[in-house]
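Report on the structure given below.
The values are calculated or read from the model by the stated rules, or taken from the named source; none is laboratory data. Since the model is a prediction, treat every value here as computed from it, not as a measurement. Cβ placement follows ideal geometry from the backbone for every residue including glycine, while neighbour counts extend to all protein chains displayed. Heavy atoms of the whole protein, side chains included, go into the accessibility calculation; ligands, DNA and RNA do not. Shrake-Rupley method; radii C 1.70, N 1.55, O 1.52, S 1.80 Å.
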Amino acid sequence: MAFITLNKNKLKHNFTKLSELFDENQIEWAVVGKLLCGNDLFLRELLSLNPKQICDSRVSNLKSIKRIDPDIETIYIKPAPNGSIDEIVEYADISFNTELETIKLLSTEAVKQDKTHRIVIMVELGELREGVLRDDLIDFYEQVFNLPNIEIIGLGTNLTCMYGVLPNSDKLIQLSLYKELLELKFNKKIPYISGGASVTIPLVLNNTMPKAVNHFRIGETLFMGTNAYDSSAYESCEQNVFKLHAEIIELHEKPMMPDGEIGLNMTGEKVTFNPEWEDSTNYRAIIDLGLLDIDIEHITPIQSELDMVGSSSDMMVIDLGNNPDNLKVGDTIAFHMNYMGILRIMNSDYVDKKVI
């Protein structure tokens, strides 16, 4: 069976480095744990590091987190669907919001549950995903301000995730200015400017982060050890906190060129072949992993001489060349994964999860 491993020492190292960085810059930070997909084993490892806050975009995952640690502060980080309002108030201490009618529902449910539900208003700064338009922000804030059992604790923004709009000082200064304007108009402090994510860490490192931005939400750099701006590795962080391992279930020396009329494969593509492959053979391994589990472009064999040849729903084929390591059926091959690869594999019930 294929399995994914989480290296607890590497995770702890990255958590410590990030905590030191943010402490030095008077920034609070929350772990974005959605990559773990609510997996109990991995969540326990993360929560053992004692993060102050943990964010997720699935209320079922927040429920799992609260079951493990009822005292951890949880944040729901996308606009709430109406059908989940009661659970969001129950399991999320804070939620990110952009819709007035949704916040009214959260208010009604918070009254019902006798809770004060805290919210961060997300502001549109150019990514065109979630966010209140800047011209509408003051009116929006005013309508939310007096709702019962709702406390506005911050303004936030999201950048990069959909179109790749990069954060910069100018955009984040805009967010800071809106905070100042709202505080003056309504005579009410807004504690958080949640404008930071993995992609904005470089602004902290080069001292261009506006001082008013005092809250970050970090997933990729914690789990990958990489700069989300360009996917380069941070020297101070550990990479490959996660690794994927798949067992070889067949291994034979086979022709490199298929034999027969070529049509479309199962994904609707027509594969082309190098004419130089004619009359050549290589050792090919089939592993117990397929497109159902992960897309082939999201994984790379750790042994760089191995070449991913193709995949079907539940098997992948790897070209071993002349098989210099004398691999055999039953051996495992290890893989690097990018962020989306880990997210995909964590959703597969057919891939085991292990802590090392």
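Couple of notes before you dig in:
- Probe 1.4 Å, protein heavy atoms only - accessible area per residue of the chain in square angstrom: 49 Å²
- Extension gain, Asn322 to Asn347, is 5.6 nm, computed as 0.36 nm per intervening residue step minus the present C-alpha separation.
- Computed with a 1.4 Å probe on the full set of protein chains, the accessible area for Arg344 sits at about 80 Å².
- Annotation: amide H-H contacts under 5 Å for Gln53 (H modelled 1.01 Å from N, sequence separation of 5 or more, or interchain): Val31.
- Aspartates and glutamates whose Cα lies under 20 Å from that of Lys8, excluding same-chain neighbours fewer than 8 positions away: Glu20, Asp40, Glu45, Asp69, Glu220, Glu235, Glu238, Asp352
- Distant-in-sequence amide H partners of Val123 (H built 1.01 Å from N, under 5 Å): Val132, Gly156, Thr157, Asn158
- Within the set [x] 67, 47, 38; [y] 91, 43, 37; [z] 79, 42, 42, the number that Cα extents along the principal axes in Å takes when calculated for this structure is listed as [z].
- For the chain, the share of DSSP beta bridges that are antiparallel, to the nearest 5, is 45%.
- Pair Arg67, Cys161: separation of 7 Å Cα→Cβ label points (nm): 2.5 nm
- Computed label-point distance, nm, for sites Lys112 and Asn168 using a 7 Å Cα→Cβ extension: 4.6 nm
- Straight-line cross-link partners of Lys211 among the lysines, defined as a Cα under 24 Å from its Cα and at least 8 positions apart when in the same chain: Lys17, Lys52, Lys171, Lys179, Lys185, Lys188, Lys189.
- Carbon + sulfur, % of accessible area of the chain - ligands and nucleic acids excluded, 1.4 Å: 48 percent
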